[in-house]
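Chemist: After the structure tokens below, expect a handful of questions from me.
The values are calculated or read from the model by the stated rules, or taken from the named source; none is laboratory data. Keep in mind it's a predicted model, so treat the numbers as computed, not measured. Note that we place each Cβ from the backbone using ideal geometry, even for glycine, and neighbour counts take in every protein chain shown.
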Amino acid sequence: MADSKTPSQRPLSPHIQIYRWPVTMVMSILNRITGAALYVGTVLLAAWLVAAASGPQAFATAQWLAGSPVGLLVLFGYTWALMHHMLGGLRHFIWDLGFGHGAVERTFLSYATIIGSVVLTLAIWVVAFIAGG
């Protein structure tokens, strides 16, 4: 019979708490999360459009919900997810063209996606609040 190792002799895999996540791995995870969030947000957008088509009472209720603190937080998150996913798509498009495959370029594009998504989200909301009064 083969000599089996006892648990104390087995090599340990890096645990999530001690393993340093590369920024490209974080971006891959965030891209999947934002993609899933966009599905949920698009369903909410469709529900808002259905409420708008259903009459003034249903639309007023939908507007009240969207204007509540929770609704605004969801809208802000949806905006960020949309911007992040869009910039992630542009990052992948750059890679598809054959550019940005070096370690420095990959890291730069990853940080640019994170920073760009936050900046674009804030800019959209500032413009929306200024235009909305």
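Chemist: If you go through region 18-76, how many residues are polar (S, T, N, Q) and farther than 30 Å from Leu109 by Cα? Talk me through it step by step, then tell me what you get.
Modeler: At the first step, the residues of region 18-76 found to be polar (S, T, N, Q) are 24, 28, 31, 34, 42, 54, 57, 61, 63, 68.
Filter once more, keeping what is farther than 30 Å from Leu109 by Cα: 54, 57, 61, 63, 68.
Going through region 18-76 one residue at a time, the tally reaches 5.
Chemist: If you go through region 70-86 one residue at a time, do you hit one that is touching a residue at least 40 places away in the same chain (Cβ under 8 Å), surrounded by 13 or more Cβ atoms within 10 Å (Cβ to Cβ), β-branched (Val, Ile, Thr) and in contact with a helix residue (DSSP H, G or I) (Cβ under 8 Å, 6 or more places away or on another chain)? Spell out the reasoning first.
Modeler: Filtering region 70-86 down to residues touching a residue at least 40 places away in the same chain (Cβ under 8 Å) leaves 76-85.
Filter once more, so that each one left must be surrounded by 13 or more Cβ atoms within 10 Å (Cβ to Cβ): 76-85.
Then keep just the ones that are β-branched (Val, Ile, Thr); that gives 79.
Keeping just the survivors that are in contact with a helix residue (DSSP H, G or I) (Cβ under 8 Å, 6 or more places away or on another chain) gives 79.
Yes: region 70-86 contains one or more residues that are touching a residue at least 40 places away in the same chain (Cβ under 8 Å), surrounded by 13 or more Cβ atoms within 10 Å (Cβ to Cβ), β-branched (Val, Ile, Thr) and in contact with a helix residue (DSSP H, G or I) (Cβ under 8 Å, 6 or more places away or on another chain).
Chemist: Would you say Leu30 is closer than 30 Å to Leu75 by Cα, at pLDDT 95 or above and not polar (S, T, N, Q)? Spell out how you get there, then give the answer.
Modeler: Numbers: closer than 30 Å to Leu75 by Cα: yes; at pLDDT 95 or above: no; not polar (S, T, N, Q): yes.
In short, no.
Chemist: Among the listed residues Ala53, Ala58, which satisfies the condition of being modelled with pLDDT of 95 or more and in contact with a helix residue (DSSP H, G or I) (Cβ under 6 Å, 6 or more places away or on another chain)? It would help to see each step written out before you state the result.
Modeler: Working: Ala53 fails: in contact with a helix residue (DSSP H, G or I) (Cβ under 6 Å, 6 or more places away or on another chain).
Testing whether each residue is modelled with pLDDT of 95 or more and in contact with a helix residue (DSSP H, G or I) (Cβ under 6 Å, 6 or more places away or on another chain) leaves just Ala58.
Chemist: Turning to a different aspect of this structure: Go through region 103-117 and count every residue that is among the hydrophobic types (A, V, I, L, M, F, W, C) and surrounded by 13 or more Cβ atoms within 10 Å (Cβ to Cβ).
Modeler: Keep residues of region 103-117 that are among the hydrophobic types (A, V, I, L, M, F, W, C), which gives 103-104, 108-109, 112, 114-115.
Applying the additional criterion that residues be surrounded by 13 or more Cβ atoms within 10 Å (Cβ to Cβ) yields 108-109, 112, 114.
Residues flagged as among the hydrophobic types (A, V, I, L, M, F, W, C) and surrounded by 13 or more Cβ atoms within 10 Å (Cβ to Cβ) within region 103-117 amount to 4.
Chemist: In region 75-90, is there at least one residue being under 21 Å from Asn31 (Cβ atoms), modelled with pLDDT of 95 or more and over 13 Å from the mean Cα position of the chain (by Cα)?
Modeler: Yes; the residues of region 75-90 include at least one that is under 21 Å from Asn31 (Cβ atoms), modelled with pLDDT of 95 or more and over 13 Å from the mean Cα position of the chain (by Cα).
Chemist: Here's another thing I want to ask about it. In region 87-96, which residue that is buried (at least 18 other Cβ atoms within 10 Å of the Cβ) and touching a Gly at 6+ places or on another chain (Cβ under 8 Å) is farthest from Gly35 (Cα to Cα)?
Modeler: Narrowing region 87-96 to residues buried (at least 18 other Cβ atoms within 10 Å of the Cβ): 87-88, 91.
Still in the running and touching a Gly at 6+ places or on another chain (Cβ under 8 Å): 87, 91.
Values: Leu87: 12, Arg91: 15 Å.
Only one residue tops the list, namely Arg91.
Chemist: Next up: Can you tell me how many residues within region 61-112 are in contact with a Pro (Cβ under 9 Å, 6 or more places away or on another chain) and in a loop (DSSP other than H, G, I, E, B)?
Modeler: 0
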